[in-house]
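Student: What follows is a structure written as structure tokens; I'll ask about it next.
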Amino acid sequence: MTEKNKELLFDQFPAVSTEQWKAKVEADLKGAPFDKKLVWRTNEGFNVQPMYRAEDIVDLKTTDSLPGQYPYVRGTKTNNDWLSRQEIIAETAEEANAKALDVLTKGINSLGFKVKEATEEEVKTLLNGVDLEKVEVNFVCCPRKALQLAKVVAEYLKSVGAEKTFKGSIDFNPFKKALKHGVEFPGDIAAMGKEIVETVKDIPGLKVLSVNSEMLSNAGAYIYQELGYAMSWGAEWLSLLAEAGVDADEAARRIKFNMGISSNYFMELAKFRAARMLWAQIAKQYGVSDDAAKQAVHATTSRFNQTIYDAHVNLLRSQTETMSAALAGVDSITVVPFDDPYQTPDDFSERIARNQQFLLKEESHLDKVVDPAGGSYYVETLTVALATEAWKLFLDVEDKGGFLAAVNEGLVQKTVTESSEKRHTDVARRKEILLGTNQYPNINEKAADKIKKTSACGCGCATENVEGKTLPVSRAASDFEALRLATEAASNRPKVFMLTIGNLAMRLARAQFSTNFFGCAGYEIIDNLGFDTVAQGVDAALEAGADVIVLCSSDDEYATLAPEAFKYLNGRAEFVVAGAPACADELKAVGIKDFVHVRCNVLDTLRDFNDRLLK
């Protein structure tokens with residue numbers, strides 16, 4: 001009866017068309033064009049609408065399948081549980097083992113070990129006391145030691161009777177050398193891959209062929225680029241091993257996708273859904289069975305957007321990133337500790353990183369609902385749009401000879417570098433926001449003393465980089481951090497004085513804007529309630545020892561106040577006008593050259609001031 005009443009109630013309301021909604025929105029926009037004001041052009045190459053309706057997904061085939069069904073857009077599982085991984089950072093194998101056993105008592109069920117020597121003794125020590133039936137174990141090593149490690153791990157698992165129940169991976173990534181250093185891998189990748197696969201043939205749960213697109217994500221690649229290149233990378237493995245005579249199903253079952261997660265919440269959620277779908281379809285073209293075409297995905301939160309200043313904001317970024325991956329149905333997740341940019345993570349930051357995942361499981365119950373985004377008009381549309389753009393990139397790479405050829409020629413690195421540079425420019429212009437770095441900085445924070453260098457990989461594989469053929473390594477915040485560190489290192493910390501005068505609302509707004517602007521360089525900010533005359537304000541600024549005086553008022557008042565203040569100051573400090581007034585040309589004619597406003601390149605402007613002010 002209740003359901004019937006509901007139906008009758010809803011039947012009383014006429015259906016509202018998309019055109020009617022748009023007309024209403026445009027009326028509220030006072031006639032401004034809907035598409036120009038509200039449609040968002042993404043970095044991924046397609047538009048995002050401000051609203052989606054059932055009609056937007058009616059023709060999408062991605063909504064027809066169920067979780068666990070080919071092509072796995074809704075997940076490869078019939079539950080949404082995921083493994084919580086912690087990367088074990090330690091100097092020795094003994095220390096790593098002790099740390100691993102400790103975190104296993106604190107909720108972790110997937111371990112990441114960095115192997116240095118790949119000896120039998122090292123592996124035995126690392127795994128001593130670890131319940132291999134309950135814990136996933138993943139090994140990272142230098143690619144040239146991967147075969148040796150595979151042999152040692154296989155023998156050890158057989159010796160303890162865990163070869164049939166073991167779950168884990170060995171990160172054989174021979175593409176890493178070319179991506180990171182621009183140098184081709186010296187060995188025969190296909191032959192080595194085949195030998196590694198044959199070495200672990202009796203251990204069905206051991207993945208040994210790495211698709212590490214996390215490297216691209218952390219280098220600043222756009223989401224569709226990481227997705228497209230990851231698909232091409234996986235296809236390269238299938239091609240190489242097919243040529244080497246490895247069964248298609250066997251090759252596919254040995255591939256592990258290690259992907260990054262950026263802070264674009266819904267886009268990342270859609271990315272993992274699209275990845276499973278694309279991979280299943282690509283694998284099928286190689287003759288892989290539906291079951292073997294299930295993509296195994298480990299997700300790691302971003303390092304590219306982590307910051308040294310206001311580092312606890314990294315927790316907010318990594319939390320939403322973890323949510324994206326969890327809701328998307330990945331197999332395992334690593335949360336990068338918030339202090340990773342400036343030191344080896346300590347016990348506190350590692351504990352918080354663990355608890356970020358546990359909160360989503362134990363308190364938010366995200367592991368209890370399979371593909372909660374399924375059927376969402378927005379997410380389903382994003383999934384298809386991302387898949388379309390990634391597929392274009394995939395085909396382009398294939399046309400140029402495949403992923404290995406593209407990497408060896410530096411084409412992948414060049415494309416990602418261009419994207420990274422664009423993102424750095426967007427950060428410099430505040431088109432991409434990093435709270436605490438290029439917007440709303442904690443101006444009194446010091447960071448130089450907390451930065452500690454971390455050691456290299458320690459495997460003896462140091463390689464000279466080939467210029468123009470390597471992935472970029474700088475985080476999005478690195479340029480702004482260099483500014484602030486330069487301020488900290490200077491003998492004088494510049495003082496910026498807000499000369500607020502005239503229209504109350506405008507002077508307060510522009511003083512706040514200018515405070516955030518100059519605070520990004522770590523300057524000392526002196527704000528004020530307002531002055532009756534510019535002379536009074538300039539005198540107060542000079543008495544306070546100001547290096548920069550920022551005039552904050554309204555556009556109409558600048559025509560008289562700015563020339564008066566500039567003349568009275570007479571070069572005794574740097575003079576800046578807050579805003580881009582219509583009278584800017586007239587002000588420049590009297591010698592005023594510095595203006596700060598929303599169209600400024602914040603980074604370049606502050607670099608210029610650093611050059612003038614720091615001693």
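Student: Mean projection of the alpha-carbon convex hull of region 355-506 over all orientations, in nm²?
Tutor: 17.9 nm²
Student: Then there's this: Can you quote the Å³ per residue value for the convex hull of the Cα atoms in region 67-169, rounded to an integer?
Tutor: Looking at region 67-169, the number lands at 123 Å³ per residue.
Student: Placing one identical point scatterer on every Cα of region 116-190 and ignoring solvent, what is log10 I(q)/I(0) from the Debye formula at q = 0.11, 0.23 Å⁻¹?
Tutor: -0.32, -1.03
Student: Between N444 and K134, what is the label-to-label distance in nm when each label sits 7 Å out along the Cα-to-Cβ direction?
Tutor: My value for the distance between the label points is 4.9 nm.
Student: Kirkwood hydrodynamic radius, region 533-584, all distinct C-alpha pairs: what's the number in Å?
Tutor: 11.1 Å
Student: Follow-up question, since we're still on this one. Efficiency by 1/(1 + (r/R0)^6): what FRET value for L504 and F46, r their Cβ-Cβ distance, R0 = 51 Å, to the nearest 0.05?
Tutor: Working: r = 44 Å, r/R0 = 0.86.
After rounding to 0.05, the efficiency reads 0.70.
Student: Normalised by the residues of the chain, what does the relative contact order come to in percent, with Cα pairs under 8 Å and at least six apart? Mind showing how you got there, number by number?
Tutor: On the way: 1078 pairs, mean separation 81.8, N = 615.
Reported relative contact order: 13 percent.
Student: Please give me the summed charge of the neighbours of K145: other residues whose Cβ is under 12 Å from its Cβ, Lys and Arg +1, Asp and Glu -1.
Tutor: For residues surrounding K145, the net value is +1.
Student: Would you mind listing how long region 307-354 runs along its three principal axes, going by Cα atoms, in whole Å with the largest first?
Tutor: 31, 19, 13
Student: What ranking do 345-357, 265-277 get when scored by the average of other Cβ atoms within 10 Å per residue, highest first?
Tutor: Working: 345-357: 18.0, 265-277: 24.5.
Result, highest mean first: 265-277, 345-357.
Student: When the solvent-accessible surface of protein heavy atoms is calculated with a 1.4 angstrom probe, in what order do H181, H312, H298 fall, highest first? Present the calculation step by step, with values, prior to reporting the outcome.
Tutor: Numbers: H181 35, H312 110, H298 5 Å².
Largest to smallest exposure gives the sequence H312, H181, H298.
Student: Which of the residue pairs K77/K294; K61/K294; K61/K271; K22/K271; K99/K256 have a Cα-Cα distance greater than 21 Å in the structure shown? Don't jump to the answer; show the numbers that get you there.
Tutor: On the way: K77/K294 9 Å; K61/K294 18 Å; K61/K271 17 Å; K22/K271 29 Å; K99/K256 25 Å.
Beyond 21 Å between Cα atoms: K22/K271; K99/K256.
Student: Continuing with this model, one more query. Calculate the tail of P(r) for region 566-615: the fraction of all Cα-Cα distances greater than 15 Å, expressed in %. Could the numbers behind the result be given before it?
Tutor: Values: 628 of 1225 pairs.
Across region 566-615, Cα pairs with separations above 15 Å total 51 percent.
Student: Moving on to the next point. Of the cross-linked pairs K452/K495; K134/K207; K134/K452, which ones have a Cα-Cα span greater than 24 Å in the structure shown?
Tutor: From the list (K452/K495; K134/K207; K134/K452), the Cα-Cα distance tops 24 Å for K452/K495; K134/K452.
Student: May I ask you to work out the translational diffusion coefficient for region 377-450 at 10 °C, viscosity 1.306 mPa s, via Stokes-Einstein with Rh from the Kirkwood sum over Cα pairs, reported in whole µm²/s?
Tutor: Answer from the Stokes-Einstein relation: 100 µm²/s.
Student: Quick one, can you get me the convex hull of the C-alpha atoms of region 1-103 expressed as volume per residue in Å³?
Tutor: Measuring per residue, one finds 300 Å³ for the Cα hull of region 1-103.
Student: Rounded to the nearest 10 Å², what accessible area does Y286 have for a 1.4 Å probe in the complete protein model?
Tutor: Per-residue accessible area (Y286): approximately 80 Å².
Student: On a 24 Å Cα-Cα criterion, which of the cross-link pairs K36/K422; K167/K368; K36/K593; K145/K201 come out too long?
Tutor: K36/K593
Student: Here's another thing I want to ask about it. Compute the relative contact order of region 277-413 as a whole-number percentage, counting only Cα pairs closer than 8 Å that sit 6 or more residues apart in sequence.
Tutor: Normalised by residue count, the contact order of region 277-413 is 18 percent.
Student: May I pose another question? Where the accessible area of region 487-594 is counted over protein heavy atoms with a 1.4 Å probe, how much of it, in %, is carbon and sulfur? Display every interim value, and only then the final one.
Tutor: Numbers: 2390 of 4670 Å².
Taking all protein chains in place, region 487-594 shows 51 percent carbon and sulfur surface.
Student: Sticking with this structure for a sec: Could you order peptides 89-98, 426-435 by the average number of other Cβ atoms within 10 Å of their residues, highest first?
Tutor: 426-435, 89-98
Student: What are the principal axis extents of the Cα atoms in region 272-323, in Å, biggest first?
Tutor: Principal axes ranked by extent give 50, 17, 14 Å for the Cα atoms.
Student: Given the options M267, G329, A280, identify the residue whose Cα lies farthest towards the positive end of the charge dipole of region 202-335 (+1 on Cβ of Lys, Arg; -1 on Cβ of Asp, Glu).
Tutor: M267
Student: So, in Å, what gap is there between the alpha-carbon centers of region 410-436 and region 463-491?
Tutor: Here the two parts' Cα centres lie 13 Å apart.
Student: Of the accessible area of region 244-358, with the probe set at 1.4 angstrom, what percent is carbon plus sulfur?
Tutor: 54 percent
Student: For region 465-615, what is the convex hull (Cα atoms) projected area averaged across all directions, in square nanometres?
Tutor: Computing the convex hull of the Cα atoms and averaging its projections yields 10.5 nm².
Student: With a Förster radius of 35 Å, plug the Cβ-Cβ distance of V25 and D426 into 1/(1 + (r/R0)^6) and report the FRET value to the nearest 0.05.
Tutor: Plugging the Cβ-Cβ distance into 1/(1 + (r/R0)^6) gives 0.80.
Student: Averaging over every viewing direction, what projected area does the convex hull of the Cα atoms of region 307-412 cover, in nm²?
Tutor: Average of the hull's projected areas for region 307-412 equals 9.7 nm².
Student: Over the alpha carbons of the chain, what is the largest minus smallest coordinate on each principal axis, giving the biggest first in Å?
Tutor: If we take the Cα atoms of the chain, the spans are 85, 70, 48 Å.
Student: State the percentage of accessible surface on region 361-451 attributable to carbon and sulfur atoms; use a 1.4 Å probe and exclude ligands, DNA and RNA.
Tutor: Carbon and sulfur atoms account for 52 percent of the accessible area of region 361-451.
Student: Round to the nearest 0.05 the FRET efficiency obtained for D527 and H597 when R0 = 25 Å and r is the Cβ-Cβ distance.
Tutor: With R0 = 25 Å, the Cβ-Cβ based efficiency is 0.85.
Student: In whole Å and largest first, what semi-axes does the C-alpha gyration tensor of region 480-565 yield when each eigenvalue is scaled by 5 and square-rooted? If you can, show how the numbers build up before the last one.
Tutor: On the way: eigenvalues 123, 40, 17 Å².
Its equivalent ellipsoid spans semi-axes of 25, 14, 9 Å.
Student: For the chain, what is the accessible area per residue in Å² when the probe is 1.4 Å?
Tutor: Roughly 45 Å² per residue, with all protein chains present.
Student: Quick one: plug the Kirkwood hydrodynamic radius of region 93-246 (C-alpha pairs) into Stokes-Einstein at 4 °C, 1.567 mPa s, and report D in µm²/s.
Tutor: 79 µm²/s
The values are calculated or read from the model by the stated rules, or taken from the named source; none is laboratory data. All values reported here derive from a predicted model rather than from experimental measurement. For neighbour counting, all protein chains shown are included, and Cβ atoms are generated from backbone atoms with ideal geometry for every residue, glycine included. Only protein heavy atoms, including side chains, enter the accessible area calculation; ligands, DNA and RNA are left aside. Shrake-Rupley method; radii C 1.70, N 1.55, O 1.52, S 1.80 Å.
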